[in-house]
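For reference, the structure is listed below as structure tokens.
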Amino acid sequence: MTEDRITEQASAEPDAKASSPMGELIRYCLIGVTGASLDAVLFWLMTRAGVYYQIANFISVTCGIVNNFFLNAFFNFKTKNRLLRRFCSFYAIGMLGWGVSALLLWLFIEKWEFQPLTSKLAIIFIVTALQFTLNKTFTFARKRS
């Protein structure tokens, strides 16, 4: 292998030993707080403005997903390659999370008569655990040598 090829490979993927899974989870959760805060604030603002809660949920979740993708890609998993593919994977997993949250919101609000914001905040924890597992496994998986 040439020196250029070795350098290219080294810069394409971070060293698998550079981050521990626990460190990644902690950073994922901290980044998730920024996305969840953005999500919750936008949801609250839109529902207060009279936007139907499911539409507000879709818009606020999408904004949180985009925020979290870029922060995770650059600061947590430190990936710079295949960003479009990774974004599509992250967004698809985010939309799965949105589907789960939409169903749970419907149950909490329509069936169990909880307040929308209280329901939203409780559901964020459930969806975060699901999304971290899927994103770690698929979106930001490291190549095995």
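Values quoted throughout were computed directly from the atomic coordinates according to the rules given, and no laboratory measurement underlies them. In this text, all values refer to a predicted model and were calculated from it rather than measured experimentally. Because the Cβ atoms are built from the backbone with ideal geometry, glycine has one as well, and the counts that use them run over all protein chains shown.
If the condition is being touching a Pro at 6+ places or on another chain (Cβ under 8 Å) and not aromatic (Phe, Trp, Tyr), then the range 65-106 contributes Lys78, Thr79, Leu105.
In the range 120-143, the residues that are touching a residue at least 24 places away in the same chain (Cβ under 8 Å) form Cβ pairs under 8 Å with partners that are of a type in the set (Lys, Arg) and surrounded by 13 or more Cβ atoms within 10 Å (Cβ to Cβ), at six or more places apart or across chains, as follows: Thr139/Arg86; Phe140/Arg86.
Checked against the criteria, Asn76 counts as closer than 20 Å to Thr137 by Cβ and either in contact (Cβ under 8 Å) with a residue 40 or more places away in the chain or surrounded by 12 or more Cβ atoms within 10 Å (Cβ to Cβ) (or both). Could you list, in sequence order, the residues of the range 96-106 that are more than 15 Å from Gly64 (Cβ to Cβ) and surrounded by 13 or more Cβ atoms within 10 Å (Cβ to Cβ)? The answer is Leu104, Trp106.
Gly50 falls short on exactly one of the conditions (1) surrounded by 13 or more Cβ atoms within 10 Å (Cβ to Cβ); (2) free of Cβ contacts under 8 Å to residues at least 40 places away in the same chain; (3) small (Gly, Ala, Ser); (4) more than 23 Å from Ser19 (Cα to Cα), and that condition is (1). Residues to consider are Ile109, Ile93, Ile65, Ile124; find the one that is in contact with a Gly (Cβ under 7 Å, 6 or more places away or on another chain) and either part of a loop (DSSP other than H, G, I, E, B) or surrounded by 13 or more Cβ atoms within 10 Å (Cβ to Cβ) (or both). Criteria check complete, one pass: Ile65.
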